[in-house]
Amino acid sequence: MVASQGRIATYSRTPNGRIFSCHNHVVKLIVVGFTLGFIDILPEACAAMINKESNIALFKNRRTTSLQCYSDGTTKDVQKLSYLYGSMSAFYTLETDDLFGYSIAALGDLNSDGVTDLAVGASNDDDGGSSAGAVYVFFLGTDGTVSSAQKLSMLYGNFNSFYTLAADDRFGLTILPLGDVDSDGVADLAVGAGLDDDGGSIAGAAYILFLKTDGTVMNAQKLSALYGNFNAFYTLIANDLFGRSVAAPGDLDGDSVVDMAVGAVYDTDGGSLAGAVYLLFLETDGTCKSVQKMSNLHGSFNTYYTLAASDHFGVSMTSLEDLNGDSVIDLAVGAYQDDDGGTDAGAAYILFLETNGTVKDAQKLSNLYGLFDSYYTLRVRATSLDLGWQH
Ligand SMILES: [Ca+2]
Ligand SMILES: [Ca+2]
Ligand SMILES: [Ca+2]
Ligand SMILES: [Ca+2]
C-alpha cells in the first residue's frame, strides 16, 4: 500500500526513531528514522541544519553522523546553525548541554519578508531552571543564515506572561506549526514539554503558542492534566510523557478550527510503556473541544494491531497527506521499540483516520509488515542507546 504510493528511505540514525515526512518534486517521500547502533559522539552541541535546495530543515546531534535523507541519498547545499555557524551567536549564546537542535520545524514566512523562518528547540536550556527548555525562532536570510532571532523561554519572548516553566520540563522537546488556530493570520506553534509534572511526575504537557509576527508570544494555551480542558475527556497520570511528540492533522473534524495530535509515549494501556496518541479537537483559543485517544484500549486501534509492552507507540508522529483518498488526512506514528524481527527493531504505523479521530484502517511498517523488509532490514538496536532522547 504505502510502497506503491511513495518511497520509504532510512534516515541515518536520527535519535529516538523520529519520523520525518517531506515532499519533493518527484515522489512523496516518507523518511522513517530508526535507532540503529551507536555511531559516535561529536564534541559539540547539537546543531540545526537547513538544506537550502530542498528547503528541508534537519538536525544533527551528538549521536548523529550524517545527514542523508534525500531522494538520491545525498546532501546538497547545507547551512549549519550553531554557536559557531550561521550568525546565531549575534543574538543568543548556547551553553553546554542545551541540546539546541533537538527539535526543529519550518514556520512558514512569519515576518512576511519572503523567506521561510525556522523554529529550533533547545530542550535542555536552563532559563528558569535546569533543563526547563527553550525554543528559538529564527528569521532567515536567503542564504540560510540568521538575520534575526527570538528566544522563547522563561526569560525571553513573553512566554512567562502566561505560564511558568519548571526545571526538567523539557520545553521544546518537540515543536511543530499547527496552522492558524485563532484565525488571526499568523501560524501558531505547538511545543511539547513532555517532562512537565502536571497531574503527576512526567505526566507531560504541550503548549500552543499564539505568535506575533516578531516571534514573541501574544498568547498561550497549555494542554495537560490541569490545563486546556483536556481532563474533561481523559486522565493523564505520572510517567505518561504526554507531549513527547506532536503532529498537525489540519482540521480533522471539519469545524474550521485546526486540530492537533499529541503522543504519550509511556502510556500503559494494554502494557507498560505501550504508548498512546491523542487527537485533540481544538477551540480557537487552543483549549480542547473534545479528545480521542488511540491505544490498545481506545480509538479502534486494536481492531488492527496490538501494541506490546515497551513498544513506545507515539514516540514520533507526522501527519501525511490523504493516502487512501477518503479526503481525511492520515497519520504516521512511530513505535521505536517494537520487536518485529529483533529486539527494539522498531516500527511505524500508518493510521487512516475517521473525522472523529478514531482509526478507520491501519498499516504497520516493520520487518514483518507492510513490505518494508523488501527494501530494508532493521537491525537490532543497541540496548546502550535506550536512553537516546533522555540526555
Ligand atoms: Ca521570513
Ligand atoms: Ca494565529
Ligand atoms: Ca477541527
Ligand atoms: Ca485518508
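If you go through the stretch 143-185 and pick out every residue that is over 16 Å from D251 (Cα atoms), crowded, with 17+ Cβ neighbours inside 10 Å and within 16 Å of ligand 1 (Cβ to nearest atom), you end up with 7. Close contacts from the stretch 109-122, counting a first residue that is away from ligand 3 (no atom under 16 Å from the Cβ) and a second that is in a loop (DSSP other than H, G, I, E, B) and of a type in the set (S, T, Y), with Cβ to Cβ under 8 Å and a gap of 6+ residues or different chains, come to D109/T116; L110/T213; N111/T213; S112/T213; V115/T142.
Among the residues of the stretch 344-357, those that are within 14 Å of V333 (Cβ to Cβ) and either part of a loop (DSSP other than H, G, I, E, B) or touching a His at 6+ places or on another chain (Cβ under 9 Å) (or both) comprise G346, G357.
The rows are residues; the columns are (1) charged (D, E, K, R); (2) more than 16 Å from ligand 2 (Cβ to nearest atom); (3) touching a helix residue (DSSP H, G or I) at 6+ places or on another chain (Cβ under 8 Å).
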{"position": "G101", "(1), (2), (3)": "no, yes, no"}
{"position": "D117", "(1), (2), (3)": "yes, no, no"}
{"position": "S123", "(1), (2), (3)": "no, yes, no"}
{"position": "D127", "(1), (2), (3)": "yes, yes, no"}
{"position": "L155", "(1), (2), (3)": "no, yes, no"}
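Within the stretch 84-108, count every residue that is under 17 Å from the mean Cα position of the chain (by Cα) and in a loop (DSSP other than H, G, I, E, B). Residues that pass the stated criteria total 1. Of all residues in the stretch 331-356, exactly one satisfies the criterion of being within 16 Å of ligand 3 (Cβ to nearest atom) and acidic (D, E), namely E354. Among the residues that make up the stretch 266-283, is at least one of them over 22 Å from Q363 (Cβ atoms), within 16 Å of ligand 3 (Cβ to nearest atom), surrounded by fewer than 24 Cβ atoms within 10 Å (Cβ to Cβ) and in contact (Cβ under 8 Å) with a residue 12 or more places away in the chain? Taking every residue of the stretch 266-283 in turn, at least one turns out to be over 22 Å from Q363 (Cβ atoms), within 16 Å of ligand 3 (Cβ to nearest atom), surrounded by fewer than 24 Cβ atoms within 10 Å (Cβ to Cβ) and in contact (Cβ under 8 Å) with a residue 12 or more places away in the chain. Only one of the numbered conditions (1) buried (at least 24 other Cβ atoms within 10 Å of the Cβ); (2) within 18 Å of D361 (Cβ to Cβ); (3) away from ligand 3 (no atom under 16 Å from the Cβ) is not met by G263, and that is (2).
Only a single item in (1) assigned to a loop (DSSP other than H, G, I, E, B); (2) within 20 Å of G192 (Cβ to Cβ); (3) modelled with pLDDT of 95 or more is not met by Q337, and it is number (3).
The values are calculated or read from the model by the stated rules, or taken from the named source; none is laboratory data. Computed from a predicted structure; not experimentally measured. Cβ coordinates were reconstructed from backbone atoms using ideal geometry, including for glycine residues, and neighbour counts include every protein chain displayed.
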